[in-house]
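The values are calculated or read from the model by the stated rules, or taken from the named source; none is laboratory data. Note that the structure is a prediction, hence the values are computed from the model and not measured. Cβ atoms come from the backbone with ideal geometry, glycine included; neighbour counts cover every protein chain shown. Surface accessibility is based on the protein's heavy atoms, side chains included, excluding ligands, DNA and RNA. Shrake-Rupley method; radii C 1.70, N 1.55, O 1.52, S 1.80 Å.
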Amino acid sequence: MATIAAEPRADRRRAAFVRSAAARIGMLVLVLAVLWGFWEGYRWLWIREGWTWPFVVDSTTMPHIHDILAALFRKPTSGTGDILLVQLLHATWFTAKEALVGFALGATFGFLLGVALSEWRLLQRGLLPYVVSSQTVPILAVAPIVVVYLGSLHVAPWFSVAVIASYLTFFPVTINTLRGLQSTDRRALELMRSYAAGRVSVLWKLRIPAALPYIFSALKVSATASIVGAIIGEAPSSIQEGLGGFIVNFNQYYSLNPENLWATNLMAALLGIAFFVAVVIVETIVVRRAPENVA
Amino acid sequence: MSVVEIKDVGKTFEGGTTALEGIELAIGEREFVSLIGPSGCGKSTLLRIVGDLIRPTAGTVRVNGKPAPQARADRDYGIVFQDAVLYDWRTVARNISLPLELARWNRRRRTGRVQEMLRLVELGGFESHYPWQLSGGMQQRVSIARALSFDPALLLMDEPFGALDEMTRERMNLELLRIWEASGSTIVFVTHSIAEAVFLSTRVVVMSPRPGRISDVIEIDLQQPRTAATREEPRFFELVTRVREALHLGSDLDRKLAAPAAEAQP
Ligand SMILES: Nc1ncnc2c1ncn2[C@@H]1O[C@H](COP(=O)(O)OP(=O)(O)OP(=O)(O)O)[C@@H](O)[C@H]1O
Ligand SMILES: [Mg+2]
């Protein structure tokens with residue numbers, strides 16, 4: 001009997017899933033179309049009216065979207081070998097690896113630091129100001145130091161880049177972990193006390209699971225920050241294979257082939273979205289909590 | 001031997017609020033004692049002192065013959081709060097097994113006990129639901145199952161049914177009595193409802209506020225086991241009236257209402 005009842009429900013659930021997926025894809029297409037329309041419309045209007053504020057619009061400052069897409073399927077003028085898309089995919093993959101390692105390092109370090117700061121008040125008072133001020137030092141100033149220092153230890157250059165990326169990653173994770181761990185429900189803590197639970201148990205079975213939503217919102221920020229860190233870190237490391245290398249290169253030839261730089265930016269953006277979505281997927285699997293509308 | 005022995009307990013909070021003063025109470029094995037009194041008279045405070053969740057500023061509390069902190073360390077009591085306080089990220093089964101995990105029971109023993117508890121609170125089939133998928137009454141039953149899972153000698157309950165509607169509440173009362181009989185534990189129960197206190201208890205402790213004191217202790221000699229019909233017995237109404245009068249005697253407001261003339265005179 002149960003199976004009879006379950007079957008149509010499973011069917012209905014699948015239908016609902018397909019419908020919501022279709023709605024999402026439709027929405028995505030619509031958003032892209034609107035963005036495309038804005039870009040081309042703005043371009044058209046500014047060129048027709050000859051407006052120069054805030055900047056002169058021409059094929060250098062705002063190439064056509066279709067030109068950018070077309071550039072992906074041409075060999076870049078300066079280079080030899082594969083079409084731009086293939087080259088960029090290699091570069092994206094290269095940068096993704098740096099960013100992923102940087103993200104993992106930064107998230108782990110950030111989480112552990114957050115736990116340490118929350119468990120030891122004294123440490124928090126002593127260390128937190130430095131953690132905060134670390135983020136006021138621009139990444140562009142930190143990157144060369146990391147490269148020189150790690151280079152003298154004969155560490156592979158891509159790993160230096162990962163460390164630079166982790167520098168941008170750890171901070172939001174630390175702050176949110178700390179906040180999450182300290183906002184544990186008071187009665188939930190009393191319950192643990194009534195069981196005479198040790199500090200590690202309280203941390204592991206209560207504080208950390210309760211902090212997960214906070215931690216994940218930080219990871220979403222960090223996931224994209226790690227890509228920015230990796231791209232910026234490639235320049236002082238003189239890495240040519242990554243997106244950062246391509247950006248520096250195409251930047252020099254911007255007036256000749258602006259489409260190339262735009263195409264590279266597009267790939268960087270797609271990589272960022274992929275990282276973000278990956279975190280969201282892990283979040284839906286890991287975080288079990290009441291839907292917002294349930295008290 | 002008393003399960004709970006409260007001797008001359010007082011509690012003054014840091015702010016200077018004296019929540020309790022001169023509390024004397026001994027609770028025997030298998031008793032069901034209700035604490036009743038107006039809001040703010042220190043019922044929760046007293047319960048939390050017994051559970052060593054806070055320390056008294058005067059007097060001593062012994063549970064199972066041991067000082068309260070020792071009893072807490074030995075996990076001698078289970079506690080049920082006014083809200084269920086379930087962990088959202090744990091299923092019903094894993095919420096119930098939380099104290100068992102902390103007491104380092106092995107997985108097989110835990111699973112067996114959780115099943116037993118689910119049957120006891122009539123939640124079989126809900127083990128893999130999450131708390132937010134349950135009604136308030138079901139959540140409260142999970143929290144009772146969790147408190148009972150490790151077989152504590154003493155169960156401390158702070159207005160566990162406060163948030164429920166009257167019908168659910170009466171049903172939960174009957175279930176609680178059934179559980180009490182089956183488990184053989186001693187219960188200290190805080191409530192605002194006179195009828196609930198009389199229906200459930202073997203003894204009702206009436207408290208008065210500012211500072212919180214015990215103003216009366218009333219033996220409830222209704223026949224055991226109690227059923228829905230108990231609520232219709234004349235003796236039930238007599239006892240309800242007894243408790244109500246005791247409550248009103250202990251309250252400042254009623255004292256003033258009873259003697260308005262005396263108040264008016266300079
Ligand atoms: N942590 C605290 N700090 C200061 N005062 C407190 C604290 N907890 C309770 N009190 C005070 O102690 C008194 C008794 O509080 P308690 O919570 O024990 O009352 P109660 O009888 O449980 O009331 P209710 O029926 O409304 O739950 C109140 O006056 C309250 O303001
Ligand atoms: Mg209370």
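Residue count for region A:220-263 satisfying the condition of being of a type outside the set (A, V, I, L, M, F, W, C), touching a Leu at 6+ places or on another chain (Cβ under 6 Å) and open to solvent by less than 30 Å² (accessible area, probe 1.4 Å): 1.
Do you know which of the residues in region B:19-45 that are away from ligand 2 (no atom under 13 Å from the Cβ), part of a strand (DSSP E or B) and farther than 17 Å from residue B:218 by Cβ is most open to solvent (accessible area, probe 1.4 Å)? So, considering only residues that are away from ligand 2 (no atom under 13 Å from the Cβ), part of a strand (DSSP E or B) and farther than 17 Å from residue B:218 by Cβ, the one most open to solvent (accessible area, probe 1.4 Å) is B:21. Note on region B:144-158: among residues that are in a loop (DSSP other than H, G, I, E, B) and within 13 Å of chain A (Cβ to nearest Cβ), the one that is nearest to ligand 1 (Cβ to nearest atom) is B:152.
With respect to (1) in a helix (DSSP H, G or I); (2) open to solvent by 30 Å² or more (accessible area, probe 1.4 Å), the lone exception for residue A:88 is condition (2).
Each row is one residue, and each column tells you yes or no for (1) surrounded by 23 or more Cβ atoms within 10 Å (Cβ to Cβ); (2) within 11 Å of chain A (Cβ to nearest Cβ).
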site	(1), (2)
B:51	yes, yes
B:66	no, no
B:86	yes, yes
B:90	no, yes
B:93	no, no
B:98	yes, yes
B:123	no, no
B:127	no, no
B:142	yes, no
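Going by the conditions given, is residue B:97 within 12 Å of ligand 1 (Cβ to nearest atom), out of contact with any Gly (no Cβ under 9 Å at 6 or more places or on another chain) and of a type outside the set (A, V, I, L, M)? The answer is no for residue B:97. The set of residues from region B:5-18 being surrounded by fewer than 23 Cβ atoms within 10 Å (Cβ to Cβ), within 14 Å of residue B:49 (Cβ to Cβ) and either without any contact (Cβ under 8 Å) to a residue 40 or more places away in the chain or more than 14 Å from ligand 1 (Cβ to nearest atom) (or both) comprises B:5, B:7, B:8, B:13. Cβ separations smaller than 6 Å between residues 6+ apart or across chains give the following pairs from region B:33-44 residues that are under 16 Å from residue B:161 (Cβ atoms) and of a type in the set (D, E, K, R) to residues that are within 9 Å of ligand 2 (Cβ to nearest atom) and assigned to a strand (DSSP E or B): B:43/B:190.
Just one residue in the set A:193, A:207, A:187 is within 14 Å of chain B (Cβ to nearest Cβ), at pLDDT 95 or above and part of a helix (DSSP H, G or I); that residue is A:207. Criterion applied to B:48, B:62 was being assigned to a strand (DSSP E or B) and either basic (Lys, Arg) or without any contact (Cβ under 8 Å) to a residue 12 or more places away in the chain (or both), and the one residue passing it is B:62.
Within the option set A:206, A:181, being touching a Lys or Arg at 6+ places or on another chain (Cβ under 8 Å), more than 18 Å from residue A:106 (Cα to Cα), among the hydrophobic types (A, V, I, L, M, F, W, C) and open to solvent by less than 30 Å² (accessible area, probe 1.4 Å) holds for one residue only, A:181. For region B:181-200, the candidate set comprises residues that are touching a Leu at 6+ places or on another chain (Cβ under 8 Å) and among the polar types (S, T, N, Q); within that set, the residue that is modelled with the lowest pLDDT is B:183.
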